[in-house]
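What follows draws every value from the coordinates through simple rules; no lab data is involved. Source: prediction; values computed, not measured. In this analysis, Cβ positions are derived from the backbone assuming ideal geometry, glycine residues included, and neighbour counts consider all displayed protein chains.
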Ligand SMILES: CC(C)(COP(=O)(O)OP(=O)(O)OC[C@H]1O[C@@H](n2cnc3c(N)ncnc32)[C@H](O)[C@@H]1OP(=O)(O)O)[C@@H](O)C(=O)NCCC(=O)NCCS
């Protein structure tokens, strides 16, 4: 499986494709699980797919074709945040980890000023959480009751990150969670 990234053109030829990608699928672990056309028109007009804070790329598999999309936000901050989405037909086949590795490679190669890359997902999105771990990302936070859920209690958001220096050396460094305790 080889995937490549193609920068989107949200103000030009990709506007309709971005709307179709989101409105034809369900994203059960996102705050807006079924975005409508009006939602998409609004986020496109707001520059969510490309402006000084955002970039986005289609994810293309050599054999399967266009399998998904990745959006980076907070590009002016030291830790950009990613949102990775596969189209429903390509979920559950192990492509998520291939895509995340390709995105990590791309960001660290193309953006030399980025020292680390972050992602957050809902606590029950086990597939995404396993994808983060398989790609060598490290869990750094568990924000309890921070993810609003329509019609139910809020869930936690789990935050993962990868460091450029780990990516460069092919290692996964971690840290001591309970480095300060009351028993010291
Ligand atoms: C989240 C997503 C990227 C995961 O990619 P994927 O290729 O579909 O992931 P897979 O189905 O291969 O699952 C990854 C792993 O989780 C496991 N898994 C999946 N669902 C699971 C579940 N409900 N319980 C336990 N394990 C589960 C898989 O068995 C696999 O295990 P492995 O690490 O041993 O191979 C993809 O499903 C997707 O785009 N979903 C919609 C958008 C989304 O939620 N994006 C996250 C926002 S950051």
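Every residue in segment 75-101 that is under 12 Å from the mean Cα position of the chain (by Cα) and within 24 Å of residue 174 (Cα to Cα), please. Hits for segment 75-101 are 80, 81, 82, 83, 84, 96, 97, 99, 100, 101. Determine, yes or no, whether residue 38 is more than 26 Å from residue 62 (Cβ to Cβ), in a helix (DSSP H, G or I) and either free of Cβ contacts under 8 Å to residues at least 12 places away in the same chain or under 19 Å from the mean Cα position of the chain (by Cα) (or both). So residue 38 passes the test.
Is it true that some residue in segment 52-60 is in contact with a strand residue (DSSP E or B) (Cβ under 8 Å, 6 or more places away or on another chain) and either under 23 Å from residue 149 (Cα atoms) or part of a loop (DSSP other than H, G, I, E, B) (or both)?
Yes, there is a match, as at least one residue in segment 52-60 is in contact with a strand residue (DSSP E or B) (Cβ under 8 Å, 6 or more places away or on another chain) and either under 23 Å from residue 149 (Cα atoms) or part of a loop (DSSP other than H, G, I, E, B) (or both).
Filtering segment 128-143 to residues that are within 12 Å of the ligand (Cβ to nearest atom) and either part of a strand (DSSP E or B) or in contact with a strand residue (DSSP E or B) (Cβ under 9 Å, 6 or more places away or on another chain) (or both) leaves 128, 129, 131, 132, 133, 135, 137.
Within segment 82-119, if we keep just the residues that are within 7 Å of the ligand (Cβ to nearest atom) and part of a strand (DSSP E or B), the residue that is surrounded by the fewest Cβ atoms within 10 Å (Cβ to Cβ) turns out to be 83.
With respect to residue 35, determine if the residue is in contact with a helix residue (DSSP H, G or I) (Cβ under 8 Å, 6 or more places away or on another chain) and within 25 Å of residue 145 (Cβ to Cβ). It is true that residue 35 is in contact with a helix residue (DSSP H, G or I) (Cβ under 8 Å, 6 or more places away or on another chain) and within 25 Å of residue 145 (Cβ to Cβ).
Conditions (1) in a loop (DSSP other than H, G, I, E, B); (2) surrounded by fewer than 14 Cβ atoms within 10 Å (Cβ to Cβ); (3) at negative phi, marked per residue:
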{"residue": "121", "(1), (2), (3)": "no, no, yes"}
{"residue": "153", "(1), (2), (3)": "no, yes, yes"}
{"residue": "167", "(1), (2), (3)": "no, no, yes"}
{"residue": "179", "(1), (2), (3)": "yes, yes, yes"}
{"residue": "182", "(1), (2), (3)": "yes, yes, yes"}
